[in-house]
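Engineer: Let me begin by handing over the structure; questions about it come next.
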Amino acid sequence: MRFIFACVAALLLAGCASSPLSLSGSSGPVSRPKTIIVTDFAFGDVTAIDRAYTARLERKIGSFPPHERKSRTLERVNEEIVANVVASLRGAGLDAQPGGADGVAAGDGMVLVSGTLRSTEPAPSDSKKPRPVSDQIGFGTGRPNVLADVRVLSAGKRQLTAFTVEAGGGRGAPAGNAKQAAAYNASVAAALAEQKAAPEKLSPEVEGHARRLGRATADKVLAYAKEQGWLNAAVEVASSGEPKE
């Protein structure tokens, strides 16, 4: 079901492909939504390798076929990205929820955040020839960075804004004191639980990359939210959930 949502999100993106990727895609001010739904990200030519994670998962649920390792790791990476977007938006005072594109009905006061991950490098000239394993783009040791093409859509599927983000690897905990970091991590954990994500953690490098990509996405969404007047004018909140002067 989770990857069905991702496919729906990819179709939504394809339908808006002719629109420019800018931070001002809407024709005028947009009312503050009741809820922002963050959907599963679609994975294009991006992969994820985390042998330590799949080993921990197998110790808990038993062995599964090798061909399932990639899909299970991609699912867990996706959940981490979505959870960090949700946690960051909640830290800014917005009602954000993980969910599916099919859960947004026209006129219900919701906004949809949908994204597709792709490689930073062009595909091989022979599209039928897969990349060598050593050159695969994605999450995992030694793999280059990825880009996320993100669109913010109204409940009626009208594009409000669109942008591209990237984030390097590394754990990259949000700035702030220990109390603020703990509150942010608790919010991420809550968003993961809402997605019924496996409790087993990704390896630090893979988790850090997914988290940074999620926070980079949230930063752009919050920039648009500020532009539209959705945030509390008295306190500007960073994507990590930390109040700024």
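Quick note: the coordinates plus some simple rules give every number you see, no bench work behind them. Bear in mind the structure is a predicted one, so any value in this text is a computation, not a measurement. Don't worry about glycine lacking a Cβ; one is built from the backbone with ideal geometry, like all the others, and counts go over all protein chains shown.
Engineer: Assuming R0 = 45 Å, what is the FRET efficiency of T164 and E58, from their Cβ-Cβ distance, to the nearest 0.05?
Structural biologist: Working: r = 35 Å, r/R0 = 0.79.
Efficiency for this residue pair is about 0.80.
Engineer: In whole Hz, with x marking every Gly and Pro, tabulate ³J(HN,Hα) for the stretch 41-52 from phi via Karplus 6.51 cos²θ - 1.76 cosθ + 1.60, θ = phi - 60°.
Structural biologist: For the stretch 41-52, the Karplus-derived couplings read 7, 8, 9, x, 9, 9, 10, 8, 10, 8, 5, 5 Hz, x marking Gly and Pro.
Engineer: Roughly what would the spin-label model give for A182 and S31, points 7 Å off Cα along C-beta, in nm?
Structural biologist: Simple spin-label model gives 4.1 nm for this pair.
Engineer: Same structure, new question: In Å and on Cα atoms, what radius of gyration and Dmax does the stretch 43-83 show?
Structural biologist: 10.4, 29
Engineer: Moving to a separate point now. For a 26 Å ceiling on Cα separation, which of these pairs sit above it: K34/K201; K70/K220; K70/K201; K179/K201; K70/K196; K70/K179? Provide the component values of the computation, followed by the final result.
Structural biologist: Details: K34/K201 32 Å; K70/K220 29 Å; K70/K201 15 Å; K179/K201 21 Å; K70/K196 19 Å; K70/K179 35 Å.
Flagged as over cut-off: K34/K201; K70/K220; K70/K179.
Engineer: Another one. Between A189 and H67, what is the label-point separation in nm under the 7 Å Cα-to-beta-carbon projection?
Structural biologist: It works out to 3.8 nm between the two label points.
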